[in-house]
Amino acid sequence: AIVEADDLGMYVLKFRGAGQGPLALVAELIAEEIGRALGLKVPELVLMEVDATLGRNEPDPEIRELLRASVGLNLALDYLPGSASFDAAADRVDAGLASHVVWFDAFVTNVDRTPRNTNLLWWHKVLYLIDHGASLYFHHNWQSRGTMAASRFPAVRDHVFLRWADRLGEADRRLRPLLGEALFAHLVQAIPDDWLLPPGGDPELTPDDRRAGYVEFLTQRLAAASAFVEEAANARAQLV
């Protein structure tokens, strides 16, 4: 929903009570902040409190239930008024930016940047990356994180920018040193505890256990960057 907050700013509010659950908000927060650390354009993020009174007079029962399920801390992104969606058929980007975005999405295992759903917005002639809730999908099967950290990420073959990404090696050399365990440990501290205790999760894992698991995954993923870069380069070779 597009909302006005108590700071009078306009935001796109992502509800914790939506069908994807709080793990989508975790993925959004971690992936966007990694993108920011890499110098990519992403909207500013804030944690937003949804008050219990908000849905009391909502006539639509589905929306009322969503608001009730989202009481507490949610995630919101700065609203970009007048922005336009990237058109995969008509628009194009330079090879450097394309390579950086492909590297980033392969790193965070983002399966949702395809020609069918680019999750890219033009705003003031600058391209912004949005909607990263489908990233880091290992956390829906926590025991898979070791295997997923080493994944070559074959889904990169469907990336909307792959055909232009002819500088993947250069992107790897530039971006890999910008990340590291210390940064990851800092980022995960911003995740609210109750986002890390999803229904059906392992009751023996505390929020700090899960934070440590994300840091472990991201650190191992960074060490395996050569594999997903090679996978992306091979997939691109089949396109051009």
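The values are calculated or read from the model by the stated rules, or taken from the named source; none is laboratory data. Treat the numbers as computed from the prediction; the structure is a model and nothing was measured. Cβ coordinates were reconstructed from backbone atoms using ideal geometry, including for glycine residues, and neighbour counts include every protein chain displayed. Side chains are part of the model used for accessible areas, which takes the heavy atoms of the whole protein and leaves out ligands, DNA and RNA. Shrake-Rupley method; radii C 1.70, N 1.55, O 1.52, S 1.80 Å.
Could you check segment 109-129 and list, in sequence order, the residues that are of a type in the set (A, V, I, L, M) and either at pLDDT below 95 or buried (at least 21 other Cβ atoms within 10 Å of the Cβ) (or both)?
As a first pass, look at segment 109-129 and keep what is of a type in the set (A, V, I, L, M): 111, 120-121, 126-127, 129.
Listed by number, the residues that qualify are L120, L129.
Does segment 77-95 hold any residues that are in contact with a Pro (Cβ under 9 Å, 6 or more places away or on another chain) and farther than 14 Å from V160 by Cβ, and which are they?
Within segment 77-95, the subset in contact with a Pro (Cβ under 9 Å, 6 or more places away or on another chain) is 77-80, 88-89.
Matches in segment 77-95: L77, D78, Y79, L80.
Considering only residues that are part of a loop (DSSP other than H, G, I, E, B), out of contact with any Leu (no Cβ under 9 Å at 6 or more places or on another chain) and not polar (S, T, N, Q), which ones fall in segment 174-199?
First pass over segment 174-199, keeping only residues part of a loop (DSSP other than H, G, I, E, B): 179-180, 189-192, 197-199.
Filter again for out of contact with any Leu (no Cβ under 9 Å at 6 or more places or on another chain), leaving 189, 199.
P199, the sole residue that qualifies.
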Tally, over segment 72-96, of residues that are at negative phi and open to solvent by 60 Å² or more (accessible area, probe 1.4 Å): 8
Single match in H132, H139, H159 (criterion: of a type outside the set (A, V, I, L, M), surrounded by 20 or more Cβ atoms within 10 Å (Cβ to Cβ) and at pLDDT below 95): H139
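It is to be established whether one or more residues within segment 14-24 are of a type in the set (K, R), assigned to a strand (DSSP E or B) and under 20 Å from the mean Cα position of the chain (by Cα).
Within segment 14-24, the first condition is being of a type in the set (K, R), and the residues that meet it are 14, 16.
Still in the list and also assigned to a strand (DSSP E or B): 14.
Now restrict to residues that are under 20 Å from the mean Cα position of the chain (by Cα): 14.
So far as segment 14-24 goes, yes, one or more of its residues are of a type in the set (K, R), assigned to a strand (DSSP E or B) and under 20 Å from the mean Cα position of the chain (by Cα).
Based on what the data block shows, is G55 of a type outside the set (D, E, K, R), open to solvent by 60 Å² or more (accessible area, probe 1.4 Å) and assigned to a loop (DSSP other than H, G, I, E, B)? Can you show your working first?
Values: of a type outside the set (D, E, K, R): yes; open to solvent by 60 Å² or more (accessible area, probe 1.4 Å): no; assigned to a loop (DSSP other than H, G, I, E, B): yes.
In short, no.
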Tally, over segment 2-21, of residues that are modelled with pLDDT of 95 or more and in contact with a Lys or Arg (Cβ under 8 Å, 6 or more places away or on another chain): 0
Residue that is most open to solvent (accessible area, probe 1.4 Å), among those in segment 142-156 that are in contact with a Phe, Trp or Tyr (Cβ under 6 Å, 6 or more places away or on another chain) and of a type in the set (A, V, I, L, M, F, W, C): M148
